[in-house]
Amino acid sequence: MAATHTDKTFENDLRALREKLLAMGARVEEQIALSVRALTERDTALPARVKASDREVNVLEIEVDDLCRKILALRQPAASDLRFITTALKIVVDLERIGDLAVNIAERAADLNEAPPLKQYQDTPRLAEMAQQQVRRALDAFVAGDTAKAEDVLRGDDHLDDLFVKIFNELLTYMMEDSRNIRRANALLSIAKHLERIGDHAVNLAEMVIYMVRGTDIRHARSRGLEWVE
Amino acid sequence: MTPAQNSRAKMEARRLAIRYGQKLAIRDINLTIPEHQVTALIGPSGCGKSTFLRSLNRMNELIPHTSHDGEVLLDGHSIHERGLDVVDLRRRVGMVFQRSNPFPKSIFENVAYGLRVGGMRDKQDIADRVERSLRNAALWDEVKDRLSESALGMSGGQQQRVCIARALAVEPEVLLMDEPASALDPIATAKIEELIHELKSRYTIAIVTHNMQQAARVSDVTAFFYMGELVEVGATEQIFTNPREKRTEDYVTGKFG
């Protein structure tokens, strides 16, 4: 965005909004990392940190909503500004939800840390890394208005889904082997499912970025009878 | 879905250029004014939007040393045709100005003025037409008991609606509005905008406005002028959510100095 708004206070409001969204994004990325470390490092202090971080995310969500409403009411934004603000209002919902999922992961990790580990954790940290990377990429795409990067996120989701299926099948074998494994395997399954869901939220973010930049909505192409080829 | 697609062209400018003396005010304008739709002309001061509006009923020719190139069509016929009656053109393509300019006469006579000038003599015919025009201008109920009072004693919003009624009385086909609500308070403005919505089923409307929210609210089609050129024209929703041209984007988002 080369040209700036003639009205500097409007420009400042938009910048503040962008910064709040980025701060929120950075927080949730950190939450994902911490929640999975709570599992892999069996660190009992980390879940509390994830929850504390989630409170900050919740506060940011409300601040972003307030700021968007203020801008809509006072500035009647148009064109790319309008798309940015309506996108911001939706992005916060996904970001906040990712934060909640990270809290759920941390809670499951806390449960798991009460018992001996079921197995060596390899795939779960990988899935977490992938989910976190998807979120980061979607946020980078948002900041830079980079639709190519957003499309990378859309394509990247298949890898998460594949790994999730692999983890699911493996955990099933643990459960079938010994019913005493079920509780822990189920907790691990929940964590994997939450990570897979985080990946889906990253896809939502990427779709919104594409709308924000191009002004065309690519969501639910099939439902709307549209041809959409990647 | 562009509104212009499902409506025929009421007026059409083709390669229109207007000069005031040596100065080129607008150039190479190709723009269709679709029938029974509201077309908003937006752009910064001096962009040529008012010049374009006035060229649609040759009102700009009242300014000395005005000349034009290209053509303007009304129902497919050039409005510059030799022998064309300019007074009749201005009856068919009426105009409402920024400053409401009622004559220092009664409300009734203000609306009847164009009819008398046009040669209408029958009192009942005139009275009927005045009533219908005031009704169409959403003013009848407010003034029906004081038709003989001076129009100058009315509020600004009422005066503007009297001027609209005066324009409607001669049964135009196209209504040109130059900043019709810029001097009005928000309630009077809302009444004018509501009126524009009602009028478009019977008339074709082109409106110049500096108020972009107003253009967004009242129009079906928006044309953005800049430095004498038509930069972009499209469905109003498209212009305000996803303009194609960078200059339009900068203008509607307030990025012009």
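The values are calculated or read from the model by the stated rules, or taken from the named source; none is laboratory data. Since the structure is predicted, the reported quantities are computational estimates derived from the model, not experimental observations. Counting neighbours? That spans all protein chains shown, and the Cβs are built from the backbone with ideal geometry, glycine included. With ligands, DNA and RNA removed, areas are computed over all heavy atoms of the protein, side chains included. Shrake-Rupley method; radii C 1.70, N 1.55, O 1.52, S 1.80 Å.
The table below gives the values:
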quantity	calculated
Stretch gain in nm, segment residue B:65-residue B:256, where the contour uses 0.36 nm per residue and the Cα spacing is subtracted	65.6 nm
Interchain or long-range residues, amide H under 5 Å from residue B:232's placed H	B:224
Shielding by partners - mean other protein chain Cβ count within 10 Å, residues of A:211-222	1
Euclidean distance between Cα centres, segment B:189-257 to segment B:112-173, Å	29
Two-site FRET efficiency, residue A:183 against residue A:129, from Cβ-Cβ distance with R₀ of 25 Å, rounded to 0.05	0.45
Segment B:65-150, accessible area per residue, ligands and nucleic acids excluded (1.4 Å, Å²)	59
Pairwise FRET efficiency - residue B:99 versus residue A:22, Cβ, R0 = 56 Å, nearest 0.05	0.70
Relative contact order %, chain A, counting alpha carbon pairs below 8 Å whose residues are six or more apart	24
Amide hydrogen neighbours beyond the local backbone of residue B:105, cut-off 5 Å, H modeled	B:151, B:152
For segment B:42-55, 3J(HN,Hα) per residue [Karplus equation, 6.51 cos²θ - 1.76 cosθ + 1.60, θ = phi - 60°, Hz, x = Gly/Pro]	10, x, x, 4, x, 7, x, 5, 5, 4, 4, 4, 5, 6
Residue (of B:204, B:143, B:25) at the positive-pole extreme of chain B, dipole from beta-carbon charges	B:25
Portion, in percent, of the accessible area of segment A:11-214 that falls on carbon or sulfur, probe 1.4 Å	49
Exceeding the 18 Å Cα-Cα cut-off - candidates B:105/B:191; B:105/B:144; B:23/B:49; B:49/B:191	B:105/B:191; B:49/B:191
Nitroxide proxy distance, nm - points 7 Å out along Cα→Cβ at residue B:30 and residue A:58	6.0
Check: segment B:114-201 dipole with +1 on Lys, Arg Cβ and -1 on Asp, Glu Cβ, in debye	300
Normalised contact order of segment B:103-203, rounded percent, pairs of Cα under 8 Å and 6 or more residues apart	34
Rounded to 5, the percent of DSSP beta bridges in chain B classed as antiparallel	60
Sequence-separation-based contact order of chain B, relative, with Cα cut under 8 Å and 6+ spacing, percent	27
In the B-A interface, the accessible area buried, summed over both sides, Å² (probe 1.4 Å)	1100
Using a Förster distance of 41 Å, the FRET efficiency for residue B:227-residue B:128 (Cβ separation, nearest 0.05)	0.30
Delta accessible area of at least 50 Å² on complex formation, residues of segment A:68-96, 1.4 Å probe, chain isolated as reference	A:78, A:79
Per residue accessible area in Å² of segment A:11-214, where ligands, DNA and RNA are left out and the probe is 1.4 Å	44
Packing-based ranking, highest mean first, of B:160-167, B:145-152, B:126-133 given that Cβ atoms within 10 Å are counted	B:160-167, B:126-133, B:145-152
Those residues of segment B:201-245 for which accessible area with every protein chain present is at least 50 Å² below the isolated value (1.4 Å probe)	B:213, B:241, B:242
Rounded to 5, percent antiparallel among DSSP beta bridges of the protein assembly as shown	60
Dipole of the protein assembly as shown [Lys/Arg +1, Asp/Glu -1 at C-beta], most positive-end residue of A:44, B:240, B:57	B:57
Number of Lys pairs (Cα under 17 Å; 8 or more positions apart or on different chains) in segment A:11-214	5
Those chymotrypsin sites (Phe, Trp or Tyr not before Pro) in segment B:95-175 that DSSP places in a loop and that have at most 15 other beta carbons within 10 Å	B:97
Euclidean distance between Cα centres, segment A:18-41 to segment A:81-109, Å	11
Percent carbon-and-sulfur accessible area, segment B:105-257, ignoring ligands, DNA and RNA, probe 1.4 Å	49
Gained length - residue B:246 relative to residue B:148, 0.36 nm times residue gap less alpha-carbon distance	30.0 nm
Buried on assembly, segment A:2-32 (at least 30 Å² less accessible surface than by itself, 1.4 Å probe)	A:3, A:5, A:6
Top of B:198, B:109, B:179 by mean-square fluctuation, Gaussian network on chain B, Cα under 10 Å	B:198
Debye, to nearest 20: dipole size of chain B, +1 on Lys, Arg Cβ, -1 on Asp, Glu Cβ	440
